[in-house]
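One structure is given here, and the rest of the page talks about it.
The values are calculated or read from the model by the stated rules, or taken from the named source; none is laboratory data. Treat the numbers as computed from the prediction; the structure is a model and nothing was measured. Note that each Cβ is placed from the backbone with ideal geometry, even for glycine, and that neighbours are counted across all protein chains shown.
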Amino acid sequence: MAGYNEIRGLRVKYLSADPSNPENGQVWYNSTTGNLRVQGIGVGAWSSGANMSQTRANTSGAGTQTAGLAIGGYTGVSTNTTGITEEYNGSGWGSGGTLNVAAFAKGSSGTQTAALDFGGGPPDKATTESYDGSSWTEVNDLGTARRDTCGTGTQTASLCIAGTGGPTLTEEFDGTNWTAGGALNTGRPKAAGSGIGLQTAALLAGGSPYQVNVEAYNGSTWSEGPNLNTGREGIGSSGNQTSALIFGGYVPGSASNKTENWDGTSWTNGVNYPTATYELGSGNGTSGSSSALGFGGNGNTSATNEYNFSTSTVTAAAWSSNPALSYSVDANLASSGSLTSAVAAGGYNAPAGPGTVSYIAKAATWNGTAWSNITDMPVRRTSNNAVGATAPAFYTFGGQNQPGPSTSTHLPSTFNWNGSSWGAGPNLAEGQSGGAAAGTPNAIVLMGGTNPPGSISNNIQQYNGSSWSNSPVNMPTNMSGQGGVGTQTAAISFGGYQGASPFPSAGVTNTYEWDGSSISSGGSMVFGLLGCSGSGTSTAALSYGGRNTAGNKNAIGMLYNGTSWATSPSLGTARDYIAMGPMGSATSCLAVAGSGGAQSLVEEFTGETTAVNSANNITTS
């Protein structure tokens, strides 16, 4: 009689090589190596995403981890309501359309390009707005005005559940009108963000006062389900009726960082949310509990966190401290290179007293491990620019010097560092400082800046390896103090300031794209900055630091994809006028010095990485 193996085959597969895409927990025998192998079991983990551009709490959310929305809320105190919408692309936040009626503690549903937002306060509102991916339009109101409600479903099949105006009330939206749905068994004057799933298959978990109660909806009636392990309100959530997550919330006397997982049968405690918070926003994607997005929260944070359950380990993008520059400088120096080879030169130190020379001729090289001083430049200078991918091919140009305590000169001179000494290069077509530059030592474009006698310029200059010339094309507007990255024929200028004063309090959101012969407007920055710096290319650029529209030094990072800007992880120290010149790529670069208590400070940026957990041999012990 045939045995099991003859009838069904081997229970563990015999393979000559490991499978290219093994399933979670899959076991096989590698006949080449003679090892019994198993693919690592997936684990859940939270990791940091880029901050929102604005701190806020009691924000509603829609969409998924890679295409989310943060809608409205309040900043500072609950009377400061906002109608701002931000869009998340999986790595950073960009600007979306503004609500017609600003409010907080609202319900929401749908996706990033087809969302619905409703209710809120103060006072209690019945307003409903529909989003098409770019703008909000008011549609028919809720039947009952309320805030601290929650929503789930799709834009044309939504639920609005509980809240101040109806603790047991459910309303259903059909794409045009709201009608009454089934009543909850347990009232919640604050449902607060824990709606999960679809209009005909939903969950409501927790709510006030510190509910452990969970109810399930079948499209007409609510029924009691298994309780949460920890009662709470002001919760973030994601998933569907059979696979879901809740996280954060408020428990008696404090915020919570607890995460609970729902498998369709019971709730189990999972990995903690990175910080204890409540009244946070969350993407309400309905695909399950393998991913989630949480943002903002009590304390008016702009923090964003991503949850992933997989066999891969995700390491979030972040800035980290690096060895300090080997000479003392505050800001306005030039630098160029990469994480393994770079040069920094010149800059500015705050004057020690009347008549003190504050502009610097010092320079240093970076070898990937430490900074070392090299021969001083022939002329002190600040607000100079530089290009050059490696230390022996460093080219710096323009800037200002300071021959006396009260005069300054915009320099046309240029110098190159060949690894052992400085050599003079051809003069600029005209003296210029503080503009946006891009290119290589033999092919450079310099856009805008300040020129004699201190006027903001719209001039574009180009270098062909032997001489500088003014381009027949100018920038659309006078600009200085902006960042620049790219090549001579594919560059962008971003941020900066306009006007006669070299130190205004406000920056602009302008991005200009240069193709070698013409210049045009690109996507606007998330918010205006001057004195920002950057690395990367015209289609993958990272901006970091700067001074914002309130005149405050900023740590914000922003990433440009060739079309639009989104937020990126922030520097560890807020500052402006970081060294000008590309110091790597949009995913791997250095930020050197900068004003604002960052003298000689260097930080390193590393982009997000994903590592697949490898298969392991099964052994006995």
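Details
- Of residues in the stretch 359-372 being under 17 Å from Q400 (Cβ atoms) and in contact with a strand residue (DSSP E or B) (Cβ under 6 Å, 6 or more places away or on another chain), the one modelled with the highest pLDDT: A363
- Against the test of being at pLDDT 95 or above, crowded, with 19+ Cβ neighbours inside 10 Å and under 24 Å from the mean Cα position of the chain (by Cα), the options T111, T128 yield a single qualifying residue, T111.
- Residue within the stretch 340-361 that is over 30 Å from V387 (Cβ atoms), outside the structural domain of F394 (by TED's automatic domain parsing) and surrounded by fewer than 16 Cβ atoms within 10 Å (Cβ to Cβ) present: no
- Filter result (among the β-branched types (V, I, T) and not in a strand (DSSP E or B)) within the stretch 264-275: T265, V271, T275
- Among (1) surrounded by fewer than 22 Cβ atoms within 10 Å (Cβ to Cβ); (2) more than 27 Å from L204 (Cβ to Cβ), the one test that N272 misses: (2)
- Any hit, the stretch 108-129, residues being of a type in the set (D, E), under 18 Å from S194 (Cα atoms), outside any loop (DSSP other than H, G, I, E, B) and in contact with a Cys (Cβ under 9 Å, 6 or more places away or on another chain): no
- Residue in the stretch 597-611 that is at pLDDT 90 or above, surrounded by fewer than 18 Cβ atoms within 10 Å (Cβ to Cβ), more than 15 Å from S320 (Cα to Cα) and under 19 Å from the mean Cα position of the chain (by Cα) present: no
- Scanning the stretch 143-160 for residues that are in contact (Cβ under 8 Å) with a residue 40 or more places away in the chain, in a loop (DSSP other than H, G, I, E, B) and crowded, with 24+ Cβ neighbours inside 10 Å returns D148, T149.
- Selected residue [over 23 Å from T170 (Cβ atoms) and part of a loop (DSSP other than H, G, I, E, B)] from N298, N261: N298
- For first residues located in the stretch 183-196 and assigned by TED's automatic domain parsing to the domain that holds N284, partners that are charged (D, E, K, R) and not in a strand (DSSP E or B) and lie 6+ apart or on another chain with Cβ distances below 8 Å form the pairs P189/D148; K190/D148; A191/D148; A192/D148; A192/E279; G193/E279.
- Verdict on A192 being of a type in the set (A, V, I, L, M) and modelled with pLDDT under 95: yes
- Those residues of the stretch 511-552 which are part of a strand (DSSP E or B) and at pLDDT below 95, in sequence order: L529, L530, R547
- The one condition from (1) surrounded by fewer than 24 Cβ atoms within 10 Å (Cβ to Cβ); (2) in contact (Cβ under 8 Å) with a residue 40 or more places away in the chain that A541 does not meet is (1).
- Lone qualifier among G175, G163 - being of a type outside the set (F, W, Y), closer than 21 Å to S238 by Cα and part of a loop (DSSP other than H, G, I, E, B): G163
- Boolean, A103 is buried (at least 21 other Cβ atoms within 10 Å of the Cβ), in contact with a Cys (Cβ under 9 Å, 6 or more places away or on another chain) and in contact (Cβ under 8 Å) with a residue 40 or more places away in the chain: no
- Test: residue in the stretch 553-567 that is part of a strand (DSSP E or B), surrounded by fewer than 17 Cβ atoms within 10 Å (Cβ to Cβ), in the same structural domain as P472 (by TED's automatic domain parsing) and of a type outside the set (K, R): no
- Candidate set from the stretch 448-480 (those that are hydrophobic (A, V, I, L, M, F, W, C) and at pLDDT below 95); member that is surrounded by the fewest Cβ atoms within 10 Å (Cβ to Cβ): I456
- Only one of G495, G484, G522 that is in contact with an Asp or Glu (Cβ under 7 Å, 6 or more places away or on another chain), touching a residue at least 40 places away in the same chain (Cβ under 8 Å) and under 24 Å from M52 (Cα atoms): G522
- Neighbours by Cβ (under 9 Å, 6+ apart or cross-chain): first from the stretch 358-383, under 20 Å from G435 (Cα atoms) and free of Cβ contacts under 8 Å to residues at least 24 places away in the same chain; second β-branched (V, I, T) and surrounded by fewer than 21 Cβ atoms within 10 Å (Cβ to Cβ): A361/V379
- A single member of A334, A318, A303 is over 30 Å from A201 (Cα atoms), in contact with a Ser or Thr (Cβ under 6 Å, 6 or more places away or on another chain) and in contact (Cβ under 8 Å) with a residue 12 or more places away in the chain, and it is A334.
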